[in-house]
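The values are calculated or read from the model by the stated rules, or taken from the named source; none is laboratory data. Just so you know, these numbers come straight off a predicted model, no measurement behind them. Cβ placement follows ideal geometry from the backbone for every residue including glycine, while neighbour counts extend to all protein chains displayed. The accessibility values were calculated without ligands, DNA or RNA, using every heavy atom of the protein model including side chains. Shrake-Rupley method; radii C 1.70, N 1.55, O 1.52, S 1.80 Å.
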Amino acid sequence: MSKIQRTLLHQRNIETQGYLREDGLWDIEASMKDLKAHDVRREFNDRLLPQGSPFHDIHLTLTLDDTFLIKDVSVTMSAYPFPNCGNAAPNFRKLIGSRITSGWNRWLKENFAGQQGCTHVLELLPVAATTAFQTMWAPLGEKYPSQVPKALNKLVNTCHGWAQDGPMVQKLVDEQVIRLPDGDNPHE
């Protein structure tokens, strides 16, 4: 492979964290910073944004219960390109009462389309959802062990790693942790 010289122009940093709160709820945080590797003139006011300054700086917190029901939400925008971008932040309070489950991403696109939403917050929400599952999986499995097989069955065929003929699913079937529909068990 030949070495081709490259010039960094843009950097996006996304970070997420998942927390168990002392009241038994969960806080899932996600943030996004877009940085330019050069000075940028903002088109709407001709203001200079110095190299390395955030072009976007967005933070969200979802507070969930054990069923992935959103109990509270906070969206803050510390940096954004247009003067009205920050006005979209309060619209995301509409997330309260929704549940992160199958179809939630589609629901987000339908409910925050156009002027109601913010492209970048909508990019962060699925990342926050994945972080919620990664954060809550093991503790909820310990708290509700009878629900583990049902949850694991829902993962079958959702990606290559969870393919029904893959090693992880075969192991769970062999150990009788899960049962595939009749005729789909690899070792029967």
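Below, the figures for the structure above:
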quantity	calculated
Cα shape, the stretch 1-56, gyration tensor, a/c 1.5 rule	oblate
Mean-position separation - Cα centroids, the stretch 38-87 and the stretch 134-178, in angstrom	36
Dipole axis of the stretch 35-188 (+1 Lys, Arg; -1 Asp, Glu on Cβ), positive-most option in Leu49, Ile100, Ser146	Leu49
Net charge contributed by nearby residues that have their C-beta within less than 13 Å of Trp107 (K/R +1, D/E -1)	+3
Within the stretch 71-177: Cβ-based charge dipole about Cα centre, in debye rounded to nearest 20 (Lys, Arg +1; Asp, Glu -1)	360
Under 15 Å, Cβ to Cβ, from Phe55 - net charge with Lys/Arg +1 and Asp/Glu -1	+1
Per residue value of the accessible surface for the stretch 14-171 (all protein chains in place, 1.4 Å probe), Å²	58
Neighbourhood net charge (9 Å Cβ-Cβ; Lys/Arg +1, Asp/Glu -1) for Gly18	-2
Solvent-accessible area, 1.4 Å probe, carbon plus sulfur percent, for the chain	51
Gaussian network model of the chain, Cα within-10 Å springs - most flexible of Ile14, Ile70, Ile58	Ile14
Given charges at beta-carbon only (K, R positive; D, E negative), |dipole| of the stretch 19-130 in Debye	360
Proximal lysine pairs, the chain, alpha carbons under 25 Å, eight or more residues apart or interchain	14
Stretchable slack from Gln11 to Ala79, in nm (0.36 nm times residue separation minus alpha-carbon distance)	23.0 nm
Dipole in debye (nearest 20) - the chain, about Cα centre, beta carbon charges: Lys, Arg +1; Asp, Glu -1	680
Rounded FRET efficiency, nearest 0.05, which uses the C-beta distance separating Leu122 from Asp39 and R0 of 30 Å	0.60
